[in-house]
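Take a look at the structure set out below.
Please treat every number below as a calculation from the coordinates, not as lab data. All of these numbers come straight from a predicted model, not from anything done at the bench. Note that we place each Cβ from the backbone using ideal geometry, even for glycine, and neighbour counts take in every protein chain shown.
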Amino acid sequence: MPSPTPITKLALIVYIPLALVALAWAWLDGNRLAWSLDASWLSESYPVRLGLSLALGFALALVVVAVTPALVKRTAWARALHAELKEIISPLSSTEITLLAVASGLSEELFFRGALQPVLGLLLTSVIFGALHVGPKRVFLAWTFWAFVMGLLFGSIFELTGVLWGPVLAHVGINQRNMTFIRRH
């Protein structure tokens, strides 16, 4: 196996501590678990909420992954963003893309939804999530807005079900499939 690219190494240096901080923060904030909410919009049993969380996460991933190529084909902003991200993603192997998708999806969901959202709320957490998805060029503003919207969607699944695994599934699936699409097209 080839050695990891610098972007993969940097991502792991960021994502592993981010996940650990999220787990510690949630635990210190009243001994709660970062992957669940004490109060959700639903009052169903945990297995029902888990199933719904996973189903909604899977459905969200399917929709976003299906919409992405259409946006790239039909909109100038998506084509421009695609071109910029392709420069970053092209050197990555399939294994690195999957590793980055899992690391980013799991750690970001643990941190933003699991630790931050119960403290700051859905909207402010989504604004922060979007603001941290920024790049050096104006074209990345579309990515920032996209991340804000995705943060609202991931966070809504978490609020509805009280279970983080659906947003994690969606985030990992979207990142993996979209990075693969960007690299190949």
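Cα axis of helix 76-89 to longest principal axis of the chain: angle in degrees, 0 to 90, nearest 10?
90
Springs between alpha-carbon atoms under 10 Å, Gaussian network over the chain: tell me which of Leu37, Leu124, Leu164 tops the mean-square fluctuations.
Leu124
Amide H neighbours of Val163 under 5 Å, at least 5 residues apart or on other chains, H built in the peptide plane: list them.
The list, which skips near neighbours in sequence, is Leu37.
Any idea which of Ser94, Pro69, Ala147 is furthest toward the positive side of the dipole for the range 6-184, if Lys and Arg beta-carbons carry +1 and Asp and Glu beta-carbons -1?
Pro69
In deg cm²/dmol and to the nearest 500, what is the mean residue ellipticity at 222 nm of the chain if only DSSP H runs of at least 4 residues count, each as -39500 (n - 2.57), divided by the residue total? Could the numbers behind the result be given before it?
Working: 8 runs with 136 residues, N = 185.
It lands at -24500 deg cm²/dmol.
Got a sec to turn the phi values of the range 154-164 into Karplus ³J(HN,Hα) couplings, 6.51 cos²θ - 1.76 cosθ + 1.60 with θ = phi - 60°, whole Hz, x for Gly and Pro?
Computed from phi, the couplings for the range 154-164 are 4, x, 5, 4, 5, 5, 5, 9, x, 10, 7 Hz.
Round to a whole angstrom and tell me the spacing of the C-alpha centers of the range 41-81 and the range 134-176.
9
Pick out which of Pro136, Pro69, Pro17 has the largest mean-square fluctuation in a Gaussian network model of the chain, springs linking Cα atoms closer than 10 Å.
For the chain, modelled as a Gaussian network with Cα springs under 10 Å, the answer is Pro136.
In degrees between 0 and 90, to the nearest 10, how far off the longest principal axis of the chain does helix 46-74 point, with axes built from Cα atoms?
Tilt relative to the chain: about 20 degrees.
Using +1 on the beta carbon of Lys and Arg, -1 on that of Asp and Glu, and nothing else charged, what's the dipole of the range 6-184 about the Cα centre, debye to 20?
It works out to roughly 740 debye.
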